[in-house]
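Asker: Quick one: this structure, given as structure tokens, is what I'll be asking you about.
The values are calculated or read from the model by the stated rules, or taken from the named source; none is laboratory data. None of these values were measured; they are calculated from a predicted model. Note that each Cβ is placed from the backbone with ideal geometry, even for glycine, and that neighbours are counted across all protein chains shown. Heavy atoms of the whole protein, side chains included, go into the accessibility calculation; ligands, DNA and RNA do not. Shrake-Rupley method; radii C 1.70, N 1.55, O 1.52, S 1.80 Å.
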Amino acid sequence: MDAKELLEKYKSGNCTPAEKAIVETWYLKFEQQKSQALSDTELEDAADRIWKKLPIHHETSIKRKLWPQFGVAAAILLTVSIGLYFFKGTGFNHQPHSPAHIAQRETPQILPGGNKATLTLADGKKITLDEAVNGPLAEEAGIMITKTKDGQLVYTVSARNNKLADGQVAMNLISTPKGGQYQVNLPDGTKVWLNAASSLRYPAVFTGAERSVILTGEAYFEVAKDPVKPFKVSAASQTVEVLGTHFNINSYQDEPAVKTTLLEGAVKVTAQSAGDVFLKPGQQAVLLGNHLNVNLASTEEAVAWKNGMFRFKDADLQTVMRSVARWYDVEVNYEGNLPVRQFSGEIHRNINLSEVLDILSFFKVHFRIEGKKITVTK
């Protein structure tokens, strides 16, 4: 068995006790010898040196060339100074013996979020969408609202009347809780995916010279093209204007900046106190205080949540845990002076919280679970 095969077995939890001892002994010895950030060459030399010194090294016939052929599994063990690379799939199933661990393993599993949302109609009626049966839910202002079997909300025009009795346009509000997400197809054909702890306020039918909606939290938009009726999204202290395009807006109040990422087409981002910018595909507008800047963007990172993934690039621990807290509906607290860490990589959002914390704990961070409260310590 070579090193890569052994590490794959370790990742999947299928190692024998002896094989686990080999991997974890290597990890602990490497940690003891590493006192500063190492180059790739130094990491390779250290890996070879330590593996050859292991007393049971000869039993596994592990190849000398360990770096960079370890792949994702070895990245967890080696790149402490570079970042944490998350495993795809189901994550670890074993109980690691590294210095970092998760307390209270007997705590009931905290499951990932799912399709959960509440629809508030113009007359104040509330519909819990995850409990509602599939099919027609309501007819309002000449619009039929339907829930599909795959968890979408669809608006279709059923009559020409598009106003309430008092002449006002019927406004709807769809909101997701922490641990929820939902997709809504607006009457103009625009598709919107709402992330957890988010809401979208919109008319049951678009009238007038523009299509305007109001967003809190995060959403991904695929706007139906209409050259004479621009689509406008108000979020926090900015407005995004498009004619037909694909983009993502992250405007959570607990995030330091509002980020608008363009995947297709063109958008105009206007901030109340910072002017406006135009984005091209692959660019991101970042509104931080009174400053509006345009940066190159990782579009895969921006929309990873929509595709069922967490994806981070050089993110600090607090940024990672804010995303985790919203999706698993937990409260996160911090104790003591935590080490500065940067996380890079991805992990599926369909696994239990304990599996996510298993992966993060390899970065010398300790998690204490008490009900729906997670305490992070050094």
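Asker: Do we find that Ala271 is open to solvent by 30 Å² or more (accessible area, probe 1.4 Å) and over 23 Å from Gly113 (Cα atoms) in this structure? Let's see the steps before the verdict.
Answerer: Values: open to solvent by 30 Å² or more (accessible area, probe 1.4 Å): no; over 23 Å from Gly113 (Cα atoms): yes.
It is false that Ala271 is open to solvent by 30 Å² or more (accessible area, probe 1.4 Å) and over 23 Å from Gly113 (Cα atoms).
Asker: Which numbered condition trips up Glu222, out of (1) open to solvent by 40 Å² or more (accessible area, probe 1.4 Å); (2) free of Cβ contacts under 8 Å to residues at least 24 places away in the same chain; (3) under 26 Å from Val267 (Cα atoms)?
Answerer: Tallying (1) open to solvent by 40 Å² or more (accessible area, probe 1.4 Å); (2) free of Cβ contacts under 8 Å to residues at least 24 places away in the same chain; (3) under 26 Å from Val267 (Cα atoms), Glu222 fails exactly one: (2).
Asker: Keeping to the stretch 168-213, report how many residues are open to solvent by less than 50 Å² (accessible area, probe 1.4 Å) and in a loop (DSSP other than H, G, I, E, B).
Answerer: Qualifying residue count for the region: 15.
Asker: Further question: Would you check if there is a residue in the stretch 298-317 being in a helix (DSSP H, G or I), under 21 Å from Tyr220 (Cβ atoms), open to solvent by less than 30 Å² (accessible area, probe 1.4 Å) and touching a helix residue (DSSP H, G or I) at 6+ places or on another chain (Cβ under 8 Å)?
Answerer: So the first thing to find is which residues in the stretch 298-317 are in a helix (DSSP H, G or I), and the list is 299-302, 304-307, 317.
This time we only want the ones that are under 21 Å from Tyr220 (Cβ atoms), so: 299-302, 304-307.
Adding the requirement that they be open to solvent by less than 30 Å² (accessible area, probe 1.4 Å) leaves 302, 304-305.
From the residues that got through so far, the ones that are touching a helix residue (DSSP H, G or I) at 6+ places or on another chain (Cβ under 8 Å) too are 305.
Looking for residues that are in a helix (DSSP H, G or I), under 21 Å from Tyr220 (Cβ atoms), open to solvent by less than 30 Å² (accessible area, probe 1.4 Å) and touching a helix residue (DSSP H, G or I) at 6+ places or on another chain (Cβ under 8 Å), one finds at least one in the stretch 298-317, hence yes.
Asker: I need every pair where a residue in the stretch 350-378 that is under 19 Å from Ser12 (Cα atoms) and assigned to a loop (DSSP other than H, G, I, E, B) has its Cβ under 8 Å from the Cβ of a residue that is modelled with pLDDT of 85 or more and not aromatic (Phe, Trp, Tyr), sequence separation at least 6 or different chains.
Answerer: The qualifying pairs are Asn350/Pro112; Asn350/Gly308; Ile351/Pro112; Asn352/Ile110; Asn352/Leu111; Asn352/Pro112.
Asker: Consider Thr216 against the criteria (1) buried (at least 16 other Cβ atoms within 10 Å of the Cβ); (2) modelled with pLDDT under 95; (3) assigned to a strand (DSSP E or B): it satisfies all of them except one. Which criterion is unmet?
Answerer: Checking Thr216 against (1) buried (at least 16 other Cβ atoms within 10 Å of the Cβ); (2) modelled with pLDDT under 95; (3) assigned to a strand (DSSP E or B), the one that fails is (2).
Asker: Separate question: Taking the stretch 328-349, which residues are under 17 Å from Lys313 (Cα atoms), open to solvent by 30 Å² or more (accessible area, probe 1.4 Å), in contact (Cβ under 8 Å) with a residue 40 or more places away in the chain and outside any strand (DSSP E or B)?
Answerer: Arg341, Gln342
Asker: Checking Asn293 against (1) loosely packed, with under 13 Cβ neighbours inside 10 Å; (2) touching a strand residue (DSSP E or B) at 6+ places or on another chain (Cβ under 8 Å); (3) touching a residue at least 24 places away in the same chain (Cβ under 8 Å); (4) not acidic (Asp, Glu), only one condition comes out false. Which one?
Answerer: All conditions pass for Asn293, except number (3).
Asker: Give me a count of the residues in the stretch 272-291 that are in a strand (DSSP E or B) and of a type outside the set (Val, Ile, Thr). Lay out the reasoning, then the answer.
Answerer: First, pick out the residues of the stretch 272-291 that are in a strand (DSSP E or B): 275-279, 283-288, 291.
Checking which are of a type outside the set (Val, Ile, Thr) leaves us with 275-276, 278-279, 283-285, 287-288, 291.
The qualifying residues number 10.
Asker: What are the residue pairs meeting all of these: first residue in the stretch 230-252, first residue within 23 Å of Ala197 (Cβ to Cβ), second residue assigned to a loop (DSSP other than H, G, I, E, B) and not hydroxyl-bearing (Ser, Thr, Tyr), Cβ atoms under 6 Å, and 6 or more apart or on different chains?
Answerer: Every condition considered, the pairs that remain are Lys232/Glu210; Ser237/Gln272; Asn248/Val303; Ser251/Ala236.
Asker: Identify, please: which residue in the stretch 225-259 is open to solvent by 60 Å² or more (accessible area, probe 1.4 Å) and more than 24 Å from the chain's Cα centre (by Cα) and is, among those, farthest from Ala297 (Cα to Cα)? Outline the logic, then answer.
Answerer: Taking the stretch 225-259 and keeping what is open to solvent by 60 Å² or more (accessible area, probe 1.4 Å), we get 225, 227-228, 236, 241, 243, 253-254, 256, 259.
Narrowing the set further to residues that are more than 24 Å from the chain's Cα centre (by Cα) leaves 225, 227-228, 241, 243.
Working: Lys225: 24, Pro227: 27, Val228: 29, Glu241: 19, Leu243: 21 Å.
In this case the residue turns out to be Val228.
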